[in-house]
Amino acid sequence: MKIEGTRIILTGASSGIGAGIADKLASMGAKLVLANRNKENGDKMLSELKAKYSTEVVFAATDMANLRDVKALHDFAISSFGGYDVLINNAGFGSKPFTQEIEDETDNWINTLHADYIGPIYLSRLAMSHWAKRLFRGVVINSGSTAGFGLHQDLSYGVSKSALHFATQTVDALLQRSENRAVANCCRMNTISIGAVFTDAFARRFKSPEDALNDKWWGRVIRQLGGWIPMHLMVSHYIQVILDDSIHGKVFVALGEKLIQSEPAPAGKYQLPMQALPERKTKL
């Protein structure tokens, strides 16, 4: 797949890694549907990209925790560009540490689960149906996290990212087993689990990357993750996965300057039970 002229939905597009991806894709001539909760930030990003590049860019204020917003984003992309070819599920946010969360009477932890897992998977399902009906093979890239691989103080966030990792490998396995060739070939889904990138979230806490490294707790975590990942390198990983048609069903981990493939989840190993289950016939 090429980038120029490709229609791409990018959630979480107005800051951090999302903003870096948006800028790079626009510079390469992609047609972008940007999505973000904050309309003011989204409109600002839209104006900046239109001023710098000649490609087509539109924006939709979208709360990924709200399934009506998610469906509206899907419909907006179709009405804007006649469809879309790539979906990058980059939006997401964290909650409180679990030990504090159990005292919290708000729904913040539920919203985290919805925004970080349910919303992206719902949008991915809409995308796959859209592509299968058109006999097209689209691309889904999920922004995962190293938090999804082990103990993490933010339970809702860690569980959501772990679920994205599992879903990526499971969806790929299930698609390959489908007898419906339009469904089997409708999508290649991958996840890039992000390590340490000095984004706005870090900048709100620390004056500089060096300041974060000098912090007793965060410095240890960042070093364990292989050190800071330059933004341009992190963005290049997404571009690589879009361009390489052979990459599907993979969960990658960005550690330092390396992109490492994670071991497959159990769904990728235990094939017999899955093959023994009769496939449900699904209308497209």
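Touching a Ser or Thr at 6+ places or on another chain (Cβ under 9 Å) and either in the same structural domain as Leu164 (by TED's automatic domain parsing) or of a type in the set (D, E, K, R) (or both), is that true of Gly82? When the stated conditions are applied, Gly82 does not pass them. On the basis of being under 21 Å from Ala22 (Cα atoms), surrounded by 14 or more Cβ atoms within 10 Å (Cβ to Cβ) and among the small types (Gly, Ala, Ser), does Ala254 make the cut? Against the criterion (under 21 Å from Ala22 (Cα atoms), surrounded by 14 or more Cβ atoms within 10 Å (Cβ to Cβ) and among the small types (Gly, Ala, Ser)), Ala254 qualifies.
For the stretch 235-253, indicate whether the set of residues that are farther than 30 Å from Met28 by Cα and part of a helix (DSSP H, G or I) is non-empty. The answer is no; no qualifying residue exists. In this structure, Ala212 does not satisfy being in contact (Cβ under 8 Å) with a residue 40 or more places away in the chain and part of a helix (DSSP H, G or I). Within the stretch 33-47, if we keep just the residues that are surrounded by fewer than 19 Cβ atoms within 10 Å (Cβ to Cβ) and in contact (Cβ under 8 Å) with a residue 24 or more places away in the chain, the residue that is farthest from Ile118 (Cα to Cα) turns out to be Lys44. A Cβ distance below 6 Å, combined with a sequence gap of six or more or placement on separate chains, defines the contacts here; from the stretch 170-183, residues that are in the same structural domain as Ser129 (by TED's automatic domain parsing) reach residues that are assigned to a helix (DSSP H, G or I) and surrounded by 14 or more Cβ atoms within 10 Å (Cβ to Cβ) in the pairs Thr170/Ala267; Ala173/Ala267; Ala173/Gly268; Leu175/Ala184; Ser178/Ala184; Ala182/Ala132; Val183/Ala132.
The values are calculated or read from the model by the stated rules, or taken from the named source; none is laboratory data. Note that the structure is predicted; figures quoted are calculated from it, not measured. Glycine also receives a Cβ, built like all others from the backbone with ideal geometry; neighbour counts cover every protein chain displayed.
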